[in-house]
Amino acid sequence: GRSCTGTLAVSIEDVNDNPPEILQDYLVICKTNMEYVDISAIDHDDSSNGAPFYFSLANTSPEINRLWTITRVNDTAAHLAYQKNAQFQEYFIPVAVKDRAGLSATKTLRVNLCDCTNPVQCRAAARSADVILGKWAILA
């Protein structure tokens, strides 16, 4: 018998089956000294189906469109900024992120536009409010 030796190269192509994912859920912006907050995304696909990402406000109310903007920072991040006339309060802002192949996902970010100098002040206040609500909810 004869034998033969050869090399076989197998190339496996990535399928764009994972939309990009925004990493943040809850953000605090101290209106007195912060003009924006950074949001970023990751994609579990190969780089050919990943970044650069395109961020946008998604199906938002006219009020959100009037008060908030998104500006690209780099391939995986953007600035979420408020207009000066935005009031101190918590906002729910749907943000869409799309990968280079067009697959997209939307996430609603909880953004606390707060009267503070350090975001920790508002995070602590939000946590204590949750604890108080939790105690009253148990008693109800």
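Per-structure values
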| item | result |
| --- | --- |
| Taking C30, C114 and counting other C-beta atoms within 10 Å, the order from fewest to most | C30, C114 |
| Full-extension gain in nm, N85 to Q121, via 0.36 nm per residue minus C-alpha separation | 10.8 nm |
| Estimated distance in nm for a label pair at I42 and S3, the labels positioned 7 Å out from Cα along Cα-to-Cβ | 4.6 nm |
| Residues with amide H under 5 Å from that of Y91, placed H, sequence gap 5 or more | V111, N112, L113 |
| Qualifying aspartates and glutamates (Cα of each under 14 Å from Cα of K31; at least 8 residues distant if same chain) | E90, D115 |
| The chain - mean residue ellipticity at 222 nm from DSSP helices (-39,500 (n - 2.57) per run, n ≥ 4, rounded to 500) | -6000 deg cm²/dmol |
| Orphan Cys of the chain, criterion: no other Cys C-beta under 4.7 Å | C4 |
| Within the chain, longest stretch clear of exposed trypsin sites (Lys or Arg not before Pro) (DSSP loop, no more than 14 other Cβ within 10 Å) | 3-83 |
| Distance histogram in 10 Å bins (all Cα pairs of the chain, percent per bin) | 11, 31, 26, 16, 7, 4, 3, 2, 0 |
| Selection from V10, S47, T106 lying farthest towards where the dipole of the chain points positive, charges on Cβ | T106 |
| Calculated FRET efficiency for the pair T106/I12, C-beta based, R₀ 30 Å, to 0.05 | 0.50 |
| Within the chain, longest stretch free of exposed GluC sites (Glu not before Pro) [DSSP loop, at most 11 other beta carbons within 10 Å] | 36-140 |
| Size of charge dipole - the chain - debye, nearest 20, with Cβ of Lys, Arg +1 and Asp, Glu -1, no other charges | 400 debye |
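The numbers here are math on the coordinates, done by the rules we state, and not lab data. All values reported here derive from a predicted model rather than from experimental measurement. Neighbour counts are summed over all protein chains in view; Cβ atoms, including those assigned to glycine, are modelled from backbone coordinates with ideal geometry.
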